[in-house]
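> Questions regarding the structure given below will be posed in turn.
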Amino acid sequence: MTQLRVPAALVALAGLGLLFFLLPLAGLIVRAPWNQAAASIGSAETVTALELSFFCSVTATAIALVLGIPLALVLSRTSGTLRSVLRALTTLPMVLPPVVGGVALLLAFGRTGLVGSFLYQGFGIQIPFTTAAAVMAETFVAMPFLVIAVEGGMRSLDPRYEEAARALGARGWMVFARVTLPLLRPAISSGAVLCWARALGEFGATITFAGNFPGRTQTVPIAVYIALETHPDSAILLSLVLLAVSVAILVAMRDRWLGAP
């Protein structure tokens with residue numbers, strides 16, 4: 001099969017586009033104070049931010065798995081207007097500015113919010129500006145990535161497997177646990193990794209809903225933003241940590257998302 005040649009002008013534009021992506025990354029790598037890397041990344045503040053980011057992102061991913069897989073199942077088994085509405089609501093956080101998401105969470109779960117006022121007045125529970133708020137913010141912006149991945153996996157399943165299990169006497173929950181979930185393992189794994197990566201890098205909704213409290217809500221992205229004003233070298237090194245995580249995720253998922261052989 002003959003491969004079509006790309007016009008030289010388009011190749012030049014493609015090269016400019018590639019440079020647009022590469023130059024900022026090169027700036028991080030070239031300007032990084034490598035001689036301070038061990039001291040900066042090993043500092044108590046950085047370690048605390050990394051530990052908190054890991055805890056919040058993993059917890060957000062776990063919540064997304066518990067809530068997102070059933071939601072993806074419902075989306076894959078509905079059609080028409082109902083499916084369109086549910087899918088639009090589910091994917092809205094993907095296109096919504098994160099700061100707006102943080103404001104929405106405040107209006108829902110703040111001390112005077114729709115649900116937050118009931119929790120505060122009835123039980124004395126205050127969610128905003130706590131670690132729980134950071135987890136909720138990350139779950140809000142990251143769960144759609146899991147739902148979309150799992151829904152796509154469900155739609156691609158051969159329904160004959162489930163039908164055969166029902167014909168053999170398996171009931172709804174057993175069919176889901178013994179047949180559907182194992183077949184969905186690749187989609188669930190890739191969706192969970194994307195969800196975790198998005199949660200790890202979340203900034204806008206987190207700082208709006210959870211604030212910036214070291215050891216409680218200051219995740220790595222927030223620490224980068226704060227350090228950029230006072231300790232730029234630390235901000236660069238922390239950015240490189242997040243960059244390394246992103247590259248590792250792309251390499252691990254290259255077969256599914258990058259089309260690598």
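Read the figures in this text as sums done on the coordinates, not as results from a lab. In this text, all values refer to a predicted model and were calculated from it rather than measured experimentally. Glycine gets a Cβ as well: all are built from the backbone with ideal geometry, and neighbour counts include every protein chain shown.
> What shape does segment 150-261 have by the C-alpha gyration tensor, where a ≥ b ≥ c are the square roots of the eigenvalues, rounded means a/c under 1.5, and otherwise prolate means a/b greater than b/c and oblate the rest?
Prolate shape, in that a/c is at least 1.5 and a/b is the bigger ratio.
> Can you pull the semi-axes for segment 66-189, root of five times each eigenvalue of the Cα gyration tensor, sorted largest first, whole Å?
Values: eigenvalues 240, 55, 34 Å².
The three semi-axes for segment 66-189 are 35, 17, 13 Å.
> Determine one quarter of the surface area of the Cα convex hull of segment 127-192, which equals its mean projected area, and express it in nm² to one decimal.
5.5
> A further question on this structure: What is the Cα radius of gyration of segment 90-133 over 2.2 N^0.38 Å, N being its residue count?
Here the Cα radius of gyration is 1.24 times the empirical estimate.
> Explain nothing, just the number: dipole magnitude of segment 1-152 about its Cα centre with +1 on each Lys and Arg Cβ and -1 on each Asp and Glu Cβ, in debye rounded to the nearest 20. Walk me through the intermediate numbers first.
Working: 6 positive and 4 negative charges, 89 e Å.
Dipole of segment 1-152, to the nearest 20 debye: 420 debye.
> So which helices of the chain fit the span-like rule, where a helix is a whole DSSP H run, its Cα atoms reach 18 Å or more along the axis, and its mean Kyte-Doolittle is at least -0.5?
8-31, 44-76, 80-95, 131-155, 185-200, 232-252
> As an exercise, take the mean of 1/r over every pair of distinct alpha carbons in segment 1-65, invert it, and state the Kirkwood radius in angstroms.
Hydrodynamic radius (Kirkwood, Cα pairs) of segment 1-65 is 16.3 Å.
> Report, in cubic angstrom per residue, the convex hull volume of the C-alpha atoms of segment 50-99.
In segment 50-99, the Cα convex hull volume per residue is 78 Å³.
> Let me ask something else about it. In debye, nearest 20: dipole of the chain around its Cα centre with unit charges on the Cβ of K, R (+) and D, E (-)? List each step's numbers first, then the result.
Values: 16 positive and 11 negative charges, 170 e Å.
My answer is approximately 820 debye.
> Under the Kirkwood approximation for Rh and a Cα-based Rg, what ratio Rg/Rh is obtained for the chain? Provide the component values of the computation, followed by the final result.
Working: Rg = 21.9 Å, Rh = 21.0 Å.
Taking Rg over the Kirkwood Rh, I get 1.04.
> Evaluated at 37 °C with a viscosity of 0.692 mPa s, what Stokes-Einstein diffusion coefficient in µm²/s does segment 1-127 have when Rh comes from the Kirkwood expression over alpha-carbon pairs?
D, rounded to a whole number, is 160 µm²/s.
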